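Undergrad: The structure follows.
No lab work stands behind these numbers, since they all come straight from the coordinates. The structure displayed is predicted, hence computed values, not measured ones. Virtual Cβ from ideal backbone geometry, glycine too; neighbours counted across all protein chains shown.
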Amino acid sequence: MIRTSAITKIVNTTEGELQILQPISFDVNSGESVAIVGASGSGKSTLLGLLAGLDQVTEGEIYLDEEPLHQMDEEARARMRGEKVGFIFQSFMLVQSLTALENVMLPAEISGHPKPRQAALEALQQVGLEHRAHHYPNQLSGGEQQRVAIARAFITRPKILFADEPTGNLDAANGDKIEKLLFELNHQSGTTLVLVTHDTELASRCDRQLHMYAGTLTEDDSVQLNAEQRHVS
Amino acid sequence: MSASPNNAAWTLSWRLFRHEARRGELTVILLAIVLSVAAVLSLSLFSERLQSALTDRTAEFLAADRLLGSDKPVPDEWLDKAREQGLNLAQRVQMRSMVFANDELMLADVRAVDNAYPLKGTIKLADEPFGLGKPVNGLPGAGEVWLDSRLFQVLGIEKGDKVEIGEREFLVSAVISELPDGGFNVFGGDPLVLMPLKDLAATGISGPGSRTDYDYMFSGEDAALDAYYEWLEPKLDRELHYWRSVKDDDSPLGRSVRRAEQYFLLASLLAIVLASVSIAVAAQRYSHRHYDPVAIMKTLGASGAMVRKIYLLQVIFIATLGIVIGSLLGFSAQYVVAELIAEKVPVALDNWHWRPFFIAIFTGVVCAMLFSLYPLMKLFSVPPLRVLRRDLGANVGSRIIQFIAAGSAIFVLMWAYSGDLKISLILLVTGLVLAMALMAVTMGLIWLGRKLGQGRMGAWQLAWARIQRRAMDNSVQLISFAITIMLLLVVLVMRNDMVRQWQEQLPKGTPNYFMINITDQQRPVVESHFSERGLEMDKFYPVVRGRFVAINEETIRTDVTKEDDDSGRRGLGREANLTWSSTLQQENRVVAGNWHGDTQSSDKPYQVSVESKVAERLEIKLGDVLRFNIGSEVVEAEVGSLREVNWQTMQPNFFFVLEPAAMQAFSPTYITSFHLPTEQKAQLGELMSPFSTVTLFDVDARINQLRSIVSQVSLAVEFILVLVLCAGALVLVAQVQSSMDERQQELAILRTLGAKGMMIRMSVIAEFVIIGIVAGGMAAMANELALYLLQSQVFNMQTTVHWQYWLLAPITGALVVGVLGAISCWRLLSLNTSQLLRRMV
Ligand SMILES: Nc1ncnc2c1ncn2[C@@H]1O[C@H](COP(=O)(O)OP(=O)(O)OP(=O)(O)O)[C@@H](O)[C@H]1O
Ligand SMILES: [Mg+2]
């Protein structure tokens, strides 16, 4: 599903160029769930942004479902995101002036779904929030907001789902709920899942963990985090 | 539901618009557009209506729209051309001549008019001399004349008697109370006689040798009048002809109307500027609040084109709604005001003007588009990556470019709207000066803040620290607050100055009757007679009638009807009223030489001060020696000064004012004036009956006319002031609101760090108060500059320094900005910390 070879990211700062990612190569298979873990500032979000086509690599190649992301411009990547990718974020990222239902409808409408409202209602039902459909985000709790975000992520039946610390802003109980929901839906629809997390529990539920350390990637099958990482989480 | 992304843009845009509108997020930006449209529409509708009403009123004083004056009859071809152009034409021949009756005679201002006279305004007649005038249609019939009240008094005649003018006898058929073109020169004028033009030839008083003015009066469409003048102008001889229109009317009325027009223009410009600023501020805020939705939509696969479409459509929705509401509001506001003053001004409410609607809609569209363009461009450039990296914002150009763009947009808008480069430039320049001064002040403040910011962290220190941390943001804020306050000051102070100067021209109790020919013996009797009746007399001016006979030994022509040969210098053509005084009269200004004062030196010849226009006409220079024959005596005096006289004031004015010593030998008669309320006009007969030799001048009607117009214009100006104040208030609200957003994050952090609510509140209020004080103070200074330029360059007014506002502006600034800041800060802090944090997301 994802193939990368020697991707790097260099950004310009006021103090000159800064290499955030060292050359990284790895693959993710279709239907697989992968956790990216690592210390704060190690480059997890940066990598996720590149994989999801939100950002452009400096060098290297990324193929997402066989499409060459690294050759596409922003418009082409946007189209691809709409067709194949779903997102969940730490800060939920709901549009504040739209209701829960309308937030869920949003990606469906953007990609020209024939019946966005009906699909959205179904998706809300799946996350158990159909009774809050007409509430605005600020009328929902954090956990509820994240469930709306999950409904939104699955409505277009994406081939691959990216999540950046989906439980990061939630308490343990709510975090568990979200976690469960996420994997449940993932199994149901056979979606490939790539998530960034500090949560060892969440990471351990994934098929595979990738460890980031100062812009480099090490694969580790044992869910063993070093002291530094434990400290951060 | 939507099946194509194209429809999705519509649906999304409409949905966002609806929700945002319902949640009140669009209120400020919508209000800004509504206000700019409403202001422009009501102002231009109103001023168009009022202007045409006022121009009509002022045209009455000319009795026409345009007037061609000539020393000789003009070729018939000229008049035919005017008729061809569809203009109305009236003729008036005017000369000075004696009127005889009962062995008495008096010099009169004889006006022979044709049937079309007057083209504008109405003639008023009285039932008896000095009676109350009533408007009439019609003119004296063949063989009839209408006379001024004074002629009845002096000649001792009544209606139905006969008078002789030149070689013909006329029947006196009415008492003139008022002619529209009677003129404001109360005192210098001779009594009026109105006669049919057809009868003029038979009198033999006009024609070669007499000083006769041939006036041709025109009325019609402005375009036709202008076209006619264009045709006529090359044919005119400056020596013989002159062309007058209401616009170059230099009477107090003409000036008031012109100033009011300029004020309307200025006020509408400022309303546009203020509304534009609030649109810009609100659009900026709107754009900022939509960074996240845009990043989200882009992340979810929306193309750039789709995002652009969604937001451009929203701008169109907002603009359309704003323009519709604004038009309705503007129209009704204007209608209500026009209705309210309809009693006083005959504003044509049924007259439909399309132009203001076009201007207003154009303004709404331009404002909405131009001032939201930059914020929108920023919004469009928000990268989807913002969903991961929250600090990523828009990335377009710099703020400087935004200011240059907004500044030139406002300038172009002002210029296009006013067509007046001068006003537009003055406003632009003072705005720029203010902006630059404020930049410097902000830097100074930052420096000061660094000094004060050291030590314990109290509310004030916190405020200072914040001000210096966001130096750039704050200077922007400071500039917009200061410019807003400045513009409000300009409109307010301008209005005050203008209305005050108008009222000063005609203070309450302005004399409306003049008496001349009061003898030395009569003077105390008159004084006691009037004071018994509770009437106050003005100053008594001594007058001696004298004939001006020679300049530097060179004899001048004195005869009224002498052949127009070129021998000898031009004279005054009649006896002059000579007065003496050691003090310069009000509204008189020495333009050359020195006022003689009361310094009497025996070795110097007597001094005389001459009115400057007469001096020019008679070619009198400083140092010339003038000779007057007074009775059998001769008085010589050297011209010590030339005076400019404001003939428009309601006071006696004199061509020649001598030094008192020169005139001690003569027994004068006196001129004085008094004020009698219009309602007490009936008492006039009884009041004057003991003094049959005293001549009375009645200017009551004239003064009332002037006063009513001035009050109408003032009312209109008031209405405009209120509109502009609303626009200003809106800008302030928009600014505080947007600067509150910027503070939100910081407040949330301070809150989480455990800062007490009271301290945060106080520090925010302190910050706004500081900004208010500085902005108000700077605005007062810039206001002074703008007013000086406007009043001296555009309005031709006396300029003054307005010290009171130097104190008032900072205080009000601190108060208003502080209160607005406190209100929005209170709202924000009433949320708890987690709500606050959530709002930031
Ligand atoms: N555009 C940029 N300019 C400068 N520095 C950047 C930029 N993008 C990322 N960085 C830096 O690169 C590093 C990696 O950032 P990234 O957000 O990927 O870390 P992360 O692993 O997701 O951390 P966290 O666990 O805190 O979310 C950080 O030090 C960040 O400051
Ligand atoms: Mg991260």
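Undergrad: Count charges around B:VAL93 for me, please; just the other residues with Cβ under 10 Å from its Cβ, Lys/Arg as +1, Asp/Glu as -1.
TA: -1
Undergrad: If you don't mind, there's one more thing I want to ask. D for the stretch B:654-729, whole µm²/s, Stokes-Einstein with Kirkwood Rh over alpha-carbon pairs at 20 °C and 1.002 mPa s: what number?
TA: Once the numbers are plugged in, D ends up at 122 µm²/s.
Undergrad: List, in order, the whole-Hz ³J(HN,Hα) value for each residue of the stretch A:84-93 obtained from phi through the Karplus relation with A = 6.51, B = -1.76, C = 1.60 and θ = phi - 60°; use x for Gly and Pro.
TA: These are the phi-based 3J(HN,Hα) values: 10, 10, x, 10, 9, 10, 4, 9, 6, 6 Hz.
Undergrad: How much FRET efficiency would the formula 1/(1 + (r/R0)^6) give for B:LYS621 and B:LEU107, where r is the Cβ-Cβ distance and R0 is 51 Å, rounded to 0.05?
TA: 0.95
Undergrad: Oh, and also: Run the simple label-point estimate for B:ALA142 and B:TYR788 please: 7 Å along Cα→C-beta, distance reported in nm.
TA: Between B:ALA142 and B:TYR788, the label points sit 6.8 nm apart.
Undergrad: Follow-up. Name all residues of the stretch B:101-142 having a backbone nitrogen under 16 Å from the label point set 7 Å from the Cα of B:LEU171 along its Cα→Cβ direction, giving them as ranges.
TA: B:139-142, by backbone N distance to the label point.
Undergrad: Could I ask something else about it? So how much slack lies between B:ARG83 and B:GLU633, counting 0.36 nm per residue of separation and subtracting their Cα-Cα distance, in nm?
TA: 192.5 nm
Undergrad: Extension gain B:ASP213-B:MET369, at 0.36 nm per residue separation less the Cα-Cα distance, in nm?
TA: Going from the current span to full extension adds 50.3 nm.
Undergrad: Taking chain A as a Gaussian network, where each spring joins two C-alpha atoms under 10 Å apart, which residue of A:GLU59, A:GLU75, A:GLU109 fluctuates the most?
TA: Answer for the Gaussian network model of chain A: A:GLU75.
Undergrad: Continuing with the same structure: Considering amide H positions built from the backbone, and no H for Pro or chain starts, which residues 5 or more places from B:GLY182, or on another chain, come under 5 Å of its amide H?
TA: none
Undergrad: I would also like to ask the following. Would you mind checking which residues have amide H under 5 Å from B:GLU659's amide H? H placed 1.01 Å from N; only 5 or more apart, or other chain.
TA: Close amide H contacts, sequence-distant or interchain: B:GLN607.
Undergrad: Give, as a single signed number, the net charge of other residues whose beta carbon lies under 15 Å from the beta carbon of A:THR58, with Lys and Arg counted +1 and Asp and Glu -1. Don't skip to the end; give the middle numbers.
TA: On the way: positive: A:LYS9; negative: A:GLU17, A:ASP55, A:GLU59, A:GLU61.
Result for the local shell: -3.
Undergrad: Straight-line reach from B:LYS613: which lysines have Cα under 16 Å away, leaving out those fewer than 8 places along the same chain?
TA: Within the straight-line limit of under 16 Å, B:LYS613 reaches these lysines: B:LYS621.
Undergrad: From the phi of every residue in the stretch A:171-187, what ³J(HN,Hα) in whole Hz does the Karplus formula 6.51 cos²θ - 1.76 cosθ + 1.60 yield, where θ is phi - 60° and glycine or proline is x?
TA: For the stretch A:171-187, the Karplus-derived couplings read 6, 4, 4, 5, x, 4, 4, 4, 4, 4, 4, 4, 6, 4, 5, 4, 5 Hz, x marking Gly and Pro.
Undergrad: Turning to a different aspect of this structure: Sequence gap at least 6, Cα distance under 8 Å: using those rules, report the relative contact order of the stretch B:63-248 to the nearest whole percent.
TA: 37
Undergrad: Can you compute the FRET efficiency between B:SER408 and B:LEU725 using 1/(1 + (r/R0)^6), with r the Cβ-Cβ distance and R0 = 30 Å? Round to the nearest 0.05.
TA: Efficiency, from the Cβ-Cβ distance: 0.65.
Undergrad: Taking the simple approach of a point 7 Å from Cα along Cα-to-Cβ for both A:GLU130 and B:GLU230, what is their distance in nm?
TA: Using points 7 Å along Cα→Cβ, the separation is 7.7 nm.
Undergrad: Between B:VAL525 and B:SER667, what length comes free when the chain is fully extended (0.36 nm per residue of separation minus the Cα-Cα distance, one decimal in nm)?
TA: Length difference between fully extended and current span is 49.4 nm.
Undergrad: How big is the dipole moment of the stretch B:63-248 about its Cα centre under a simple scheme where the beta carbon of each Lys and Arg is +1, that of each Asp and Glu is -1, and everything else is neutral? Debye, nearest 20, please.
TA: Dipole about the Cα centre, nearest 20: 140 debye.
Undergrad: Quick one: net charge around B:TYR117, please, counting Lys, Arg +1 and Asp, Glu -1 for every other residue with C-beta under 12 Å from its C-beta.
TA: 0
Undergrad: Still on this structure, I have one more. Apply the Karplus curve 6.51 cos²θ - 1.76 cosθ + 1.60, θ = phi - 60°, to the phi angles in the stretch B:226-241 and return the couplings in whole Hz, x for Gly and Pro.
TA: The phi angles translate into 5, 4, 5, 5, 4, 5, 7, 3, x, 8, 7, 10, 4, 6, 9, 10 Hz.
Undergrad: Using a Förster radius of 25 Å, what is the FRET efficiency between B:ASP161 and B:THR693 based on their Cβ-Cβ separation? Nearest 0.05, please.
TA: Approximately 0.80, to the nearest 0.05.
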